[in-house]
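Q: Pasting in a structure now, in structure tokens, and then I'll have a few things to ask.
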Amino acid sequence: MTEQTHPQDEAQLDENQIIALRREKLHAIREKGIAYPNDFQRDSFAADLHAKYDALSKEELDPQAVPVKIAGRMMLKRAMGKASFATVQDVTGQIQLYINNQGVGEEAHNDFKHWDMGDIVGAEGVLFKTNHGELTVRVSNIRLLSKSLRPLPDKHKGLADQEVKYRQRYVDLIVNPDSRDTFIKRSKIIQTVRNYMTDEHYLEVETPMMHPIPGGATAKPFVTHHNALDMPLYLRIAPELYLKRLIVGGLERVFEINRSFRNEGMSTRHNPEFTMMEFYEAYSTYERMMQMTEGVIRKCAETVCGSAKITYNGKEVDLASPFERLTILDAIRKYNPQYTDEQLFDEAWLKKEIVRLGESIPPSPGIGSLQLALFEGCAEGKLWNPTFIIDYPVEVSPLARASDTKPGLTDRFELFVVGRELANGYSELNDPEDQAARFKAQVAQKDAGDDEAMHYDADYIRAMEYGLPPTGGSGIGLDRLVMLLTDAQTIRDVILFPQMRPE
């Protein structure tokens, strides 16, 4: 290969010049043979090698002459005459390579000197320890597997621009080990959820993502169109009504780890598409759903964090102790002892106080919905350790079973941790006539201008008329659970490709 510019000279070039230089190198590689080979088979990962051999001394390791084949991205490179070093990164971590003329030959070593940081390489050799005790591969064969045409961010500055991290997650994952760790933990959390549910004899199912009628939550849907059927369809806002159809059908314990979509605002806690886990169990109540919700969250913390007592934003969160339970009014009184009982049941005062706190007056009529809005403004953000808020008003719980003992309330809970909602569940409404009446009330609210109110789902009513057994259900926001267990301050940090405005 004809030498063009030494790798260290890239520091004096802008990005376009670097890309042009690297394209010249790629052209030279193409002239010599296959530029992107696909026949290298690795047999080792960096972390496994460190775990197995780091404890051995140089004298203990050398006689073993352990053969390895490593592949990954070149993150560091030091080319020095007849000997060179490189650091290669795979999905598990990094390991050092030692390349010299004696090991790979002068021509291959000279080619290596023209490769760049970010290039993907495959190396074969034996393990040894340097004089400084670093586990290293003494390379006998090295190959360029994939040429990187764009330079990685400066190794000292890293990828500091938060927006670029979200737009170019592939670069973020290359250079930021914390980001890689977050998404590895996310995968472990989801697997732990799945294992926990199946251990509880739940059946994992899949339900439609395009619905003829949006339902299962009060939210504004995304609308699309099916050409062959010539009909509008809605991206699901929740899988609830389909999962409860399965309970009617006799699948008595079901769960779905689902992607749902809501055409609403974006914030540090909201993304238009998000992941949650919903589960339903026949012959159970919201009490059992609280136990299940608490259990699966605690298990995830223990599995991923090593303890159910974690730290979030510098402050301890206790997921090990039994989760507290408060009614909406209990929570308001706990954090706002200045409010009187007379005020909390005064519609005019509630509306005035809600506006003062910067909240919106809810579209649903009733004291209960006003008390909920007040709770959201004055207490919700103060619920740091896990707390179940229970006994929600009927007018804001169109799918929950009405309480047999508390008029106007439902057997419903929401779980709050670090001041934000993490789960929502209830004893399911299984009276088809009551459900039909509540759907009609939702339709009336929609006609009055509430875009988030529910539609009337006649097929779901028909399913209920076959008999929905007493059932408990719950939904856990998995994105927010990952935020909690990885100490992430915004939902975009735990979604690989968050929704962004066009560049």
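Q: In nanometres, what is the gap between the two model label sites at residue 222 and residue 102, each 7 Å from Cα along Cα-to-Cβ?
A: It works out to 6.0 nm between the two label points.
Q: Once you put a point 7 Å from the Cα of residue 406 and another 7 Å from the Cα of residue 24, both along the Cβ direction, what distance in nm separates them?
A: Label at residue 406, label at residue 24, 7.5 nm between them.
Q: Please list 353-364, 238-249, 206-217, 293-304 highest first by mean number of surrounding beta-carbon atoms within 10 Å per residue.
A: My ranking of the peptides, most packed first, is 238-249, 293-304, 206-217, 353-364.
Q: Let me ask another. By accessible area of protein heavy atoms, probe 1.4 Å, what ranking do 269, 420 get, highest first?
A: The ordering from most to least exposed comes out as 269, 420.
Q: Among 193, 207, 146, which residue has its Cα furthest toward the positive end of the charge dipole of region 126-207, with +1 on Lys/Arg Cβ and -1 on Asp/Glu Cβ?
A: Projecting each Cα onto the dipole axis, the largest value belongs to 146.
Q: Right, here's the next one. Quick one: which residues, 5 or more positions from residue 324 or on another chain, have an amide H under 5 Å from its amide H? H modelled 1.01 Å from N in the peptide plane, none for Pro or chain starts.
A: 388
Q: Taking all protein chains in place and a 1.4 Å probe, what share, in percent, of the accessible surface of region 112-160 do carbon and sulfur account for?
A: Values: 1080 of 2240 Å².
Roughly 48 percent of what the probe reaches on region 112-160 is carbon or sulfur.
Q: Give me the accessible area per residue for region 356-503, probe 1.4 Å, as a whole number in Å².
A: That works out to 41 Å² per residue.
Q: What length, rounded to one decimal in nm, is gained on full extension from residue 35 through to residue 359, with 0.36 nm per residue of separation minus their alpha-carbon distance? If you can, show how the numbers build up before the last one.
A: Working: separation 324, 0.36 × 324 = 116.64 nm, distance 6.00 nm.
Between residue 35 and residue 359, full extension yields 110.6 nm more.
Q: Can you list the residues, at least 5 places off or on another chain, whose amide H is less than 5 Å from the amide H of residue 403, using H built in the peptide plane?
A: 409, 410, 411
Q: Cut-off under 17 Å on the C-alpha distance; same-chain residues fewer than 8 positions from residue 446 excluded. Which lysines are left, in chain and number order?
A: 220
Q: Net charge near residue 435, counting Lys/Arg +1 and Asp/Glu -1 over other residues with Cβ under 14 Å of its Cβ?
A: Value of the local net charge: -2.
Q: Could you work out the per residue convex hull volume over the alpha carbons of region 130-267, in cubic angstrom?
A: With only Cα atoms used, region 130-267 gives 263 Å³ per residue.
Q: Considering only protein heavy atoms, what per residue accessible area in square angstrom results for region 25-123 with a 1.4 angstrom probe?
A: Details: 5150 Å² over 99 residues.
Accessible area per residue: 52 Å².
Q: Which distance in Å, rounded to a whole number, links the C-alpha centroids of region 207-230 and region 369-402?
A: 28 Å
Q: Let me ask another. What does the extension gain come out to for residue 285 and residue 110, with contour length at 0.36 nm per residue minus their alpha carbon separation?
A: Taking 0.36 nm per residue and subtracting the Cα distance, the gain is 55.9 nm.
Q: Take 311, 192 and sort them by solvent-accessible surface of the protein heavy atoms, 1.4 Å probe, largest at the top.
A: Result, largest first: 311, 192.
Q: How big is the charge dipole of the chain about its Cα centre, in debye rounded to the nearest 20, if each Lys and Arg gets +1 on its Cβ and each Asp and Glu gets -1 on its Cβ? Working shown, then result.
A: Numbers: 60 positive and 76 negative charges, 295 e Å.
It works out to roughly 1420 debye.
Q: Less than 17 Å apart at the alpha-carbon level, and either on another chain or at least 8 residues along: which lysines does that give for residue 82?
A: Residue 82 reaches 113.
Q: Of all beta bridges DSSP finds with both residues in region 1-150, what is the antiparallel percent, to the nearest 5?
A: Details: 32 of 35 bridges.
The antiparallel fraction comes to roughly 90 percent.
Q: Hey, can you rank 257-264, 30-37 by average C-beta count inside 10 Å, highest first?
A: 257-264, 30-37
The values are calculated or read from the model by the stated rules, or taken from the named source; none is laboratory data. Quick caveat: nothing in here was measured; it's all calculated off a predicted structure. Don't worry about glycine lacking a Cβ; one is built from the backbone with ideal geometry, like all the others, and counts go over all protein chains shown. Ligands, DNA and RNA are stripped out before the accessible areas are found, and what is left, the full protein with its side chains, is counted by its heavy atoms. Shrake-Rupley method; radii C 1.70, N 1.55, O 1.52, S 1.80 Å.
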